[in-house]
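Asker: Structure in structure tokens, see below.
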Amino acid sequence: MPTPRQSGIHPTPSAVSAVGLRKSYGEKLVLDGIDLHIPAGTVFALLGPNGAGKTTAVKILSTLVTADAGELRVGGHDLAVHPQAVRAAIGVTGQFSAVDGLITGEENVLLMADLHHLSRREGRRVAAELLERFDLVDAAKKPASTYSGGMKRRLDIAMTLVGSPRIIFLDEPTTGLDPRSRHTMWGIIRNLVSDGVTVFLTTQYLEEADELADRIAVLNNGKIAAEGSAEELKRIVPGGHVKLRFTDPDAYRSAADALREVTRHDETLSLQIPSDGSQRELRSILDWLDSADIEADELTVHTPDLDDVFFALTGPSHVSNKPEENLR
């Protein structure tokens, strides 16, 4: 039976959808007919090497750049027909901060309130709420130029939320942040999604995508090389295995002699069995050990991480640019 993506039928409404999205700059083909389906209230992460077209995709879907081709809908609105309606539904935080360092944090937020045509009273109410929400009250009256990188990014997102967008594009929001600030930003993103906001995230931090995203797409050479959950993506890369470690040399030898396709490590009395780490395979291994009356002292599951996926799919020797051949 075809999956929803293969059949073109999606079980949930899309906050963002693109079919056949294409974009070229001169002779340089940046996006080569990509398809995206992002359900409302989820985090979608777009990964890819520098120059893969991640920022171009964000600029097109946020109405900043015109696509050459494609059926595009954002927030239920046709991008080509109703760009103003799309702009009213979205917020965008780019790679580079939109914060004005010459004015205070509070003034930055109030400026956005003016741009959204909020009344003076409403603008001050919204600004106060956002500054408190993003832990910027103590710095609100200080010039934004004095803020740390993490504070500027929090202020940037606070400014983005002034118009209460239901869809937010975050283009590499944690680039240059220290680990503590990055984790703070992750918490902010999770809270946004818990409020029903849809987040379209581009990032080069694979750990970030692993932590946050419901679905991840890997963009390479203008095409979606693969798409799925983090766990689904990890299963398409070879190298997963189960490791059995023994303290009893006799048990080790018995297991090594009986198991097929096993890699022996005689020095550490451990065996490495190829596996995708699925529950079925683990149960099969445990059942076999029980039936053979062999007891392993330690069992660990090793699966490829997103680094392995990224290198496999964006390197010169990856197998296919067709996502259905890499995953589904």
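Asker: Sort 301-314, 239-252 by packing, meaning the average of other beta carbons within 10 Å per residue, with the highest value first.
Answerer: Details: 301-314: 18.6, 239-252: 16.9.
With the highest mean Cβ count within 10 Å placed first, the list reads 301-314, 239-252.
Asker: Using r as the Cβ-Cβ distance of Gln204 and Glu267, and R0 as 41 Å, what FRET efficiency do you calculate, to the nearest 0.05?
Answerer: That gives a FRET efficiency of 0.60.
Asker: When the Karplus curve 6.51 cos²θ - 1.76 cosθ + 1.60 is applied with θ = phi - 60°, which whole-Hz ³J(HN,Hα) does each residue of segment 17-23 get, with x for Gly and Pro?
Answerer: 9, 9, 10, x, 5, 10, 7
Asker: So, by mean Cβ neighbours within 10 angstrom, what's the order for 282-291, 31-40 with the highest one leading? Don't skip to the answer; put the middle values down first.
Answerer: On the way: 282-291: 12.6, 31-40: 19.7.
Peptide ranking by packing, descending: 31-40, 282-291.
Asker: Subtracting the Cα-Cα distance from 0.36 nm times the residue separation, let me have the gained length for Ile103 to Asp195 in nm, one decimal.
Answerer: Between Ile103 and Asp195, full extension yields 30.1 nm more.
Asker: Still on this structure, please answer the following. Over segment 241-302, consider all pairs of different Cα atoms and compute the Kirkwood hydrodynamic radius from their mean reciprocal separation; express it in Å, one decimal.
Answerer: Taking every pair of different Cα atoms in segment 241-302, averaging 1/r and inverting gives 11.4 Å.
Asker: Still on this model: How much net charge surrounds Arg22 when only other residues with a Cβ under 13 Å from its Cβ are counted (Lys, Arg +1; Asp, Glu -1)?
Answerer: -1
Asker: Now, a different point. Taking the Cα centre of the chain as the origin, how large is its charge dipole in debye, to the nearest 20, when only Lys and Arg (+1) and Asp and Glu (-1) carry charge on their Cβ atoms?
Answerer: Once rounded to the nearest 20, the dipole reads 1680 debye.
Asker: Once you have the Cα-Cα distance between Glu281 and Glu231, take 0.36 nm times their residue separation minus that, and quote the gain in nm to one decimal.
Answerer: 16.4 nm
Asker: Now for a separate question. Any idea what the dipole of segment 241-302 comes to, in debye rounded to 20, about its Cα centre with Lys/Arg Cβ at +1 and Asp/Glu Cβ at -1?
Answerer: Using Cβ point charges on Lys, Arg, Asp and Glu, segment 241-302 gives about 260 debye.
Asker: I want to check the label-to-label distance for Arg121 and Ser148. Put each point 7 Å from Cα in the C-beta direction and report it in nm to one decimal.
Answerer: With each label point 7 Å from Cα toward Cβ, the separation is 3.8 nm.
Asker: Place a point 7 Å from Cα of Glu27 in the direction of its Cβ. Which residues in segment 199-234 have their backbone N less than 19 Å from it?
Answerer: Only 221-222 fall inside the zone, counting backbone N under 19 Å.
Asker: Kindly identify segment 83-182 as rounded, prolate or oblate by the Cα gyration tensor criterion: order the square roots of the eigenvalues as a ≥ b ≥ c, call it rounded if a/c is under 1.5, otherwise compare a/b with b/c, prolate if a/b is larger, else oblate.
Answerer: oblate
Asker: Another question, then. How long are the three semi-axes of the equivalent ellipsoid for the chain, computed from the Cα gyration tensor as the root of 5 times each eigenvalue, in whole Å, largest first?
Answerer: Output for the chain: semi-axes of 45, 25, 17 Å.
Asker: What is the distance in Å between the Cα centres of segment 145-172 and segment 262-285?
Answerer: Cα centroid to Cα centroid, the span is 46 Å.
Asker: Right, something else. Give the calculated FRET efficiency between Asn221 and Val81 to the nearest 0.05, with a Förster radius of 30 Å applied to their Cβ-Cβ distance.
Answerer: 0.50
Readers should treat all values here as calculations from the given coordinates under stated rules, not as data from a laboratory. Please read all numbers here as calculations on a predicted model, not as lab measurements. Positions of Cβ are backbone-derived with ideal geometry, glycine not excepted, and every protein chain shown enters the neighbour counts.
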